């Protein structure tokens, strides 16, 4: 059950601001005593927490690292934040994140990542989920002024406006991006960049101003009025972080003037003038809070540290329980098998959402994998904008909200704009929150070459990129039944899963006899043999089979389809090599740091496995070169049947 944010009087909120401020001071002192490693303060931003008093327990907040007072106002204890400063096991990240990288699952406050602005697309995804469910809940997302210039700000805001989402996007404008003044580059100061129709500017140094605006924009969002962009004008009263000294780039006059606008000073002066607080009472309150905060940090300092073995906890969710995919034996193509699998998934679970470029009818995806699905399930299948960061980021937000995104990247070649969300949020969420949050999501994408004319950005096999990122599963099927089985397993997995589908064999009609469950991390022997093991995945399995056919009667070749890259069935490969004594790995990806190199390194790295080799293993791969538009370039670059035959013969010498 989420917490209920308490309503506070101004005097009570002044006390909360003082707790936040005193904690910033305490952390700075502890750093000077070498009792910590880093500090980022929220001084000057304390009034933002007033928003929490207008939110319900089922609303969501996507904060950034200056929102300490917002965390306290939402109900997270200051002691928990003290634990985070010392990187203790009991902190929200289990000691894995830097201080002020908040996460509060009970308060629906999503985990903060260091790359600024990466919270906005997930915030839009969660707000979209709320709207799709017909809820009157809202999302508050906050960033600093400098982060407005990141492209994901514009993608998130455009989607919020497009879908009329119940989302408040707040810019906490303290005029600086570390040491760089932002007045000449922040979008809100550039005339014409953003419409002012949805913009609300507030002098956020004053409690009453923030209170009034919070009430206005939250009511608007909750009653279907759509998003608001709040421009909160305030000051960063301290240096950017403990690694910075703002006296280097700010004048003393500027700093002194800013201190006169301190929101704590303004609110305390107001309460004293109104007779609700005396100067002596205010001083006593400050002294009392200083002692309270010091005691909390003293206690937190001696709390439990993480254990070395804790490093490996919460890397993955519960083990998958693969089930029989919803296809029947018979002749079919990979596209047909995928389409049937998707249709059954949508029918079974209304929380499953499809989103991607052109996935709606009449197109049904550029390769027809979602053909007919939006007509049957119009509330679950949607076209996305031409924005891959939005596709992944919005999926992250839907997953955090409890829905199951099954999203398409039109080609895996277009993954780069989405890379920030993949490596910042999708892959790290479970680990960086010590299991508090997770992002179970399926991303599928057409992949690979061997068809001619694809050029640089329709021919890539870059599974090595994904395999390098901890926290995501990666599979590359080579048959219709494996495509259906792996996608069915991924759809029911608790982890983020990428299924890369080889375009060259999309339309190949084959007999499907085996429709058993297909787990990640389980290779299959396509062809038994005794002289040489050849391992491939996706398109290269068929290249390996043709090479084995050519050598029939001369070399007995065992062909293994890896199917899953992460996790990888190294044991199956090692068992085969123990029988054959020889290994050839075939991949489409580039040679350097491709997964084939990782596979060979793993198999030869264990003495007991290395001892079974009769010759050195061989890698057939695309050289470190791009694929050109001319088929001459493409087929020169790719591993061929001749290359595989030659590699097998090399192992036999």
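None of the figures in this text is laboratory data; all of them are computed from the coordinates on show. Please read all numbers here as calculations on a predicted model, not as lab measurements. When we count neighbours, we look across all protein chains shown, and the Cβ atoms used for this are built from the backbone with ideal geometry, even at glycine.
Note on region 10-301: the alpha carbon radius of gyration divided by the globular reference 2.2 N^0.38 Å gives 0.97. With the convex hull drawn over the C-alpha atoms of region 525-652, the volume per residue is 95 Å³. The value of relative contact order for region 10-301, using C-alpha pairs under 8 Å at least six residues apart, is 22 percent. Computed over the chain, relative contact order equals 11 percent, with contacts defined as Cα pairs under 8 Å that lie 6+ residues apart.
Compared with the dominant Cα axis of the chain, that is its longest principal axis, helix 480-491 is turned about 20°. Angle of helix 120-132 to the longest C-alpha principal axis of the chain, folded into 0 to 90 degrees and rounded to 10: 90°.
The DSSP beta bridges internal to region 525-652 are antiparallel in roughly 15% of cases. The calculated P(r) of region 184-232, using every Cα pair and 10 Å bins from 0, goes 24, 47, 27, 1 in percent. All distinct Cα pairs of region 137-238 go into the 1/r average, and the inverse of that average, the Kirkwood radius, is 13.9 Å.
Within the chain, the proportion of Cα pairs with more than 43 Å between them is 32 percent. Summed over all non-identical Cα pairs, the Kirkwood treatment of region 330-512 gives a radius of 16.2 Å.
Rounded to a whole number of µm²/s, how large is the Stokes-Einstein D of region 62-133 at 25 °C and 0.890 mPa s, given Rh as the Kirkwood radius over C-alpha pairs? This corresponds to a translational diffusion coefficient of 194 µm²/s. Inter-part distance, region 172-227 to region 77-136, computed on C-alpha centroids, equals 22 Å.
Each peptide in 415-427, 356-368, 475-487 receives the mean, over its residues, of other Cβ atoms within 10 Å, and ordering these scores from highest gives 475-487, 415-427, 356-368.
For region 23-49 versus region 410-488, the spacing of their alpha-carbon centroids is 39 Å. Sorting the segments 109-117, 166-174 by their mean number of nearby beta carbons within 10 angstrom, highest to lowest, gives 166-174, 109-117. Largest first, the three principal axis extents of the alpha carbons in region 190-296 are 45, 39, 30 Å in whole numbers. The ratio of the alpha-carbon radius of gyration of region 379-457 to the globular-protein estimate 2.2 N^0.38 Å is 1.21.
Kirkwood hydrodynamic radius, computed over distinct alpha-carbon pairs, for region 1-73: how many Å, to one decimal?
13.2 Å
The listed peptides 327-339, 311-323, 433-445, ordered by packing as a protection proxy, come out as 433-445, 327-339, 311-323 (highest mean of other Cβ atoms within 10 Å first).
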